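We did not get these values from a lab; they are worked out from the coordinates using the rules stated. This one's a predicted model, so the numbers in the text were calculated from it and none came from an experiment. Note that we place each Cβ from the backbone using ideal geometry, even for glycine, and neighbour counts take in every protein chain shown.
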Amino acid sequence: MPSAAVLVIGNEILSGKVVDTNSPYLARELRELGVDLVRILTIPDEIDLIASEVRAMSEAYDFVFTSGGIGPTHDDVTLDAIAQAFDRPIVESASMMERMERAQGGKPPNESQRKMALIPRDSVLIDSGDLWFPVVVVENVHIFPGIPELLQKKFQSIRERFRGDPFHLRRVYVTLREHDIAHSLNDLLGDFPELMLGSYPRIAEEHYRVLLTLESRDDAYLERATASLLERLPSDGVHKVE
């Protein structure tokens, strides 16, 4: 069961000027792939801080994903920080320069664009679909842009590299209040201790009051747990099961 951490980089996220949608996206994707996302952290555009967190995450988790800070402007310092984290020099990638020039129809990159070709030495470059800019990987750190559309395209192009043992999910929509079913949920976990059970009250929903989620990597185990839950609840207390 591989583990992962996401490092969101950007002053704009911490100031509230931009809403982070990348970490929720990665959380959903990794869950579907069977990767345990253990940590999400948001930090400012500070080289020493980025380097420190990247190094710690790299040592603690199987996969690390960074979001943001790889563009051509002054505050794009992620690649420099990751180079520092692994004590590698920054070098100009001939491969990335060629990719950039091809993408521009043979026009040489300008100075701002050349900055985007400066990467940690011995980085691995993975083609990312129809985008000229590859996914840059240093050790177990996968470096993604902050622009959600680009991050999603890049991740989709390499997502199968991270596939583990996926979770199976059942949803049970309950018309009773949470305090009315708490004892049934506790008893269920007593019989199915490996079940991942979530209980989420809803206020504004018309047809149900609590959403229950049951998850397991073992589909047969999940089916038995779901059947056991339904036996513990009154038949008129369940709106639907998905």
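For the reader, a short list of remarks on this structure follows.
- Estimated FRET transfer efficiency when R0 is 35 angstrom, pair residue 36-residue 227 (beta carbons, to 0.05): 0.85
- Once percent of Cα pairs over 30 Å apart is calculated for the structure shown, the corresponding label among (i) 20; (ii) 41; (iii) 16 turns out to be (ii).
- Here residue 115 is the anchor, and the aspartates and glutamates within straight C-alpha reach of less than 15 Å, apart from those fewer than 8 places off in the same chain, are 75, 76, 80, 92, 98, 101.
- Extension gain from residue 91 to residue 205, taking 0.36 nm per residue of separation minus the Cα-Cα distance: 35.5 nm
- Above 15 Å, the calculated P(r) of segment 168-241 contains 49 percent of its Cα-Cα pairs.
- In the frame of its principal axes, segment 7-109 has Cα extents of 43, 31, 30 Å, reported largest first.
- Those lysines that a straight Cα-Cα span of less than 22 Å connects to residue 17, excepting residues fewer than 8 apart in one chain: none
- Cα-projected label distance for residue 236 with residue 213, points at 7 Å along beta-carbon direction, nm: 3.1
- Here the spin labels are modelled as points 7 Å beyond Cα on the Cα-Cβ line, and at residue 1 and residue 14 they lie 3.3 nm apart.
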